[in-house]
1. Using the Cα gyration tensor of region 69-152, with a ≥ b ≥ c the square roots of its eigenvalues, what is the shape: rounded (a/c below 1.5), prolate (a/b larger than b/c) or oblate (neither)?
2. Take the alpha-carbon positions of region 107-158, form their convex hull, and give its projected area averaged over all directions (one quarter of the hull surface) in nm².
3. Let me have the relative contact order for the chain, percent, based on Cα pairs under 8 Å that are six or more residues apart.
4. Just subtract the alpha-carbon distance of Ser157 and Asp100 from 0.36 nm times their residue separation and send over the number in nm, one decimal.
5. What's the FRET efficiency of Thr29 with Ala117 using the Cβ-Cβ distance as r and R₀ = 41 Å, to the nearest 0.05?
6. According to a simple spin-label model (label point 7 Å from Cα along Cα-to-Cβ), what is the distance in nm between Asp7 and Asp47?
7. To check you understand DSSP bridge types, tell me what percent of the beta bridges within the chain (both residues inside) are antiparallel, rounded to 5.
8. Which whole-angstrom value gives the distance between the alpha carbon centres of region 1-17 and region 135-152?
Amino acid sequence: MRIIAGDWRGRRLAAVGRGDAGAHLRPTTDRVREALFNMLAGGRFGDPFEGARVLDLFAGTGALGLEALSRGATSCSFVDRGRVALRLLRQNVELLGCADRARVLGCDATRLPPAEAPCALVFLDPPYGAGLGETALSGAQAQGWLAPGALIVWEESAPQPAPPGFDAVETRRYGDTHVTLLRASGGAT
């Protein structure tokens, strides 16, 4: 795995090795990540990275949030509770030298602590088919993690309907990965 673009373009991330099947550690492939970030940066969403506070739920290795940091995000809060994921995530933060812009929370993504400040961009990559995405989103909303109009990028094995408090923007398919884009109610679409 590598960073696709931005300040750290081409930099390799820590090797996943055998990963952690029990914790559903399944990093987004470089190909899917590149297509996803090209779509986000394609103009329709303005520049969703520059100066953004980012939340990476079910962060795994942190590749999505780290890519956003590479492209100009101000900060990223990474949330995961898997032992292997947290080790890889901390390694990646160290490899890229971005500890001053990264906050690693070793907790359940469906039970977040109160936010220090709301985030404008959220990556949501729960274990496929486990039904955790909607619970994580509503918890993030309740704890103040989501800015009005925040852009949500939700990866799953199937397109996801917009839960209450969110508006559907678009769905794209990349192989067996479906990306559903949502906006938190109260902002631009």
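1. oblate
2. Computed as one quarter of the Cα hull surface, the answer is 3.5 nm².
3. Reported relative contact order: 17 percent.
4. Full extension of this stretch gives 17.2 nm more.
5. 0.85
6. Distance between the two pseudo-spin positions: 1.3 nm.
7. 45 percent
8. Cα centroid to Cα centroid, the span is 28 Å.
Values quoted throughout were computed directly from the atomic coordinates according to the rules given, and no laboratory measurement underlies them. Model, not experiment: these values are computed from the prediction. Here the Cβ is made from the backbone with ideal geometry for all residues, glycine too, and neighbour counts use every protein chain on show.
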